[in-house]
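The values are calculated or read from the model by the stated rules, or taken from the named source; none is laboratory data. Note that the structure is predicted; figures quoted are calculated from it, not measured. Cβ sites come from the backbone with ideal geometry, for glycine too, and all protein chains shown count toward neighbours. Only protein heavy atoms, including side chains, enter the accessible area calculation; ligands, DNA and RNA are left aside. Shrake-Rupley method; radii C 1.70, N 1.55, O 1.52, S 1.80 Å.
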Amino acid sequence: MLYHSMTSTNHVLTALVTGSTRCNGIGLGIAKCLAKNHNMNIILHGTRDRATKEVEKCQSDLAKEYNVSVHYIQADLSTSSGAQQLCEQIDGIYPDGIDVLVNNAGDGHQNLVEDVPLQKWESVLTINLTSPFVLIKHFIPAMKKRGWGRIINISSVLGVRAHAKSAVYTSSKHGLNGLTKVVGKEAADTGVTCNAVSPGWVETELYLKTLDKKVKTDGISKEEAKTILMNPTKKYVTPEQIGENVSFLCSRAADNTTCAVLNIDGGCSS
Ligand code: NAD
């Protein structure tokens with residue numbers, strides 16, 4: 001494989017990918033590429049119990065297919081204490097810290113500003129922005145100390161643009177792009193990079209939820225809604241394409257790539 005990441009030792013790299021146990025989700029696509037291309041040990045994360053069939057299957061398939069160690073941790077990232085608990089559970093497994101942090105978990109809420117409940121604003125903002133901050137704050141010191149680390153935040157086209165009825169999602173992703181650039185700058189001479197990857201439309205549960213809402217609020221058919229919620233290439237971006245780009249950011253070729261927002265969006269943001 002073209003991509004080859006390594007610290008100066010033969011240390012096996014460990015990656016946490018939040019929100020990574022939905023079979024058609026971006027998170028699992030990223031986890032698979034990191035295991036396949038870099039042989040990384042993977043920490044999967046989600047909100048469901050570890051005994052849930054889909055969660056068990058993700059964990060065992062990944063371990064078998066790529067012969068890497070795979071843990072699963074359940075944590076609700078809609079509160080900062082949930083994010084803190086995730087950190088503590090990981091410390092219990094990897095006391096020296098992790099090498100790669102992918103902040104992928106995300107949620108949205110579609111309503112006019114005046115109709116967004118404050119509680120919803122706070123919980124979505126926490127999942128999309130505060131929890132990534134908590135995780136970065138917790139894991140970056142050990143990365144800096146080791147002299148190598150990768151932080152990758154999964155942003156969105158709405159990190160640089162805006163749609164009506166997306167106040168909290170758009171605000172959180174704009175914030176996430178800002179956080180990415182600040183963390184990248186602060187770590188620039190430490191061997192740790194921080195970048196954002198910004199997908200266009202990917203056919204996942206989050207997308208299907210957005211599609212259903214569009215059908216209901218605009219009174220249009222699913223087919224019509226799909227032509228609106230589509231990338232200019234008229235193709236969905238795939239979780240694997242996002243995963244391969246995250247994988248590239250973990251490679252030596254990306255040693256000098258930091259503070260970047262990498263668009264994988266079929267031209268959506270231009
Ligand atoms: P998805 O619904 O498949 O995945 C979202 C993940 O976030 C899930 O694994 C879920 O468990 C996790 N999550 C949601 N609420 C949580 C909570 N309270 N606590 C902990 N985890 C929680 O959707 P996806 O499309 O794979 O989304 C992944 C990322 O990609 C998100 O950050 C999203 O904003 C971003 N994104 C998606 C699209 C798209 O078109 N699908 C486009 C741009 C950006």
Rank by packing, highest mean first: peptides 49-62, 102-115, 194-207, with packing defined as the count of other Cβ atoms within 10 Å averaged across residues. 194-207, 102-115, 49-62
Using a 1.4 angstrom probe on heavy atoms only, work out the carbon and sulfur share of the accessible area of the chain in %. 52
Taking the mean number of other Cβ atoms within 10 Å as a proxy for protection, how do you rank 216-228, 171-183 from highest to lowest? 171-183, 216-228
Heavy-atom accessible area of Tyr94, protein chains in place, probe 1.4 angstrom, given in Å² to nearest 10, is 40
Residue separation between Glu223 and Lys235 times 0.36 nm, minus their alpha-carbon distance, gives in nm 2.9 nm
Value of [θ]222 nm, deg cm²/dmol, for the chain, DSSP H segments ≥ 4, -39500 (n - 2.57) each, nearest 500: -13500 deg cm²/dmol
Would you please classify the overall shape of the range 113-261 from the alpha carbon gyration tensor, given that a ≥ b ≥ c denote the square roots of the eigenvalues, rounded means a/c under 1.5, and beyond that prolate means a/b larger than b/c while oblate covers the rest? oblate
Compute the separation of the alpha-carbon centres of the range 173-216 and the range 31-89 and state it in Å as a whole number. 19
What does the convex hull of the alpha-carbon atoms of the chain project to on average, in nm²? 14.1
Which value, in Å² rounded to 10, gives the accessible area of Arg146 with a 1.4 Å probe and all protein chains present? 90
Note down the net charge around Gly178, summing +1 for each Lys or Arg and -1 for each Asp or Glu among other residues with Cβ under 14 Å from its Cβ. +2
Ordering 237-245, 81-89 by per-residue average of other C-beta atoms within 10 angstrom, highest first, gives 237-245, 81-89
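Tell me, what is the FRET efficiency for Asn24 and Lys120 to the nearest 0.05, using R0 = 25 angstrom and their Cβ-Cβ distance as r?
0.50
How much area per residue is accessible in the chain when the probe is 1.4 Å and only protein heavy atoms are counted (Å²)?
47
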So what's the net charge close to Gln85: Lys and Arg +1, Asp and Glu -1, counting the other residues with Cβ under 14 Å from its Cβ? -3
Rounded, prolate or oblate, given the Cα gyration tensor of the range 1-97, with a/c below 1.5 counting as rounded? oblate
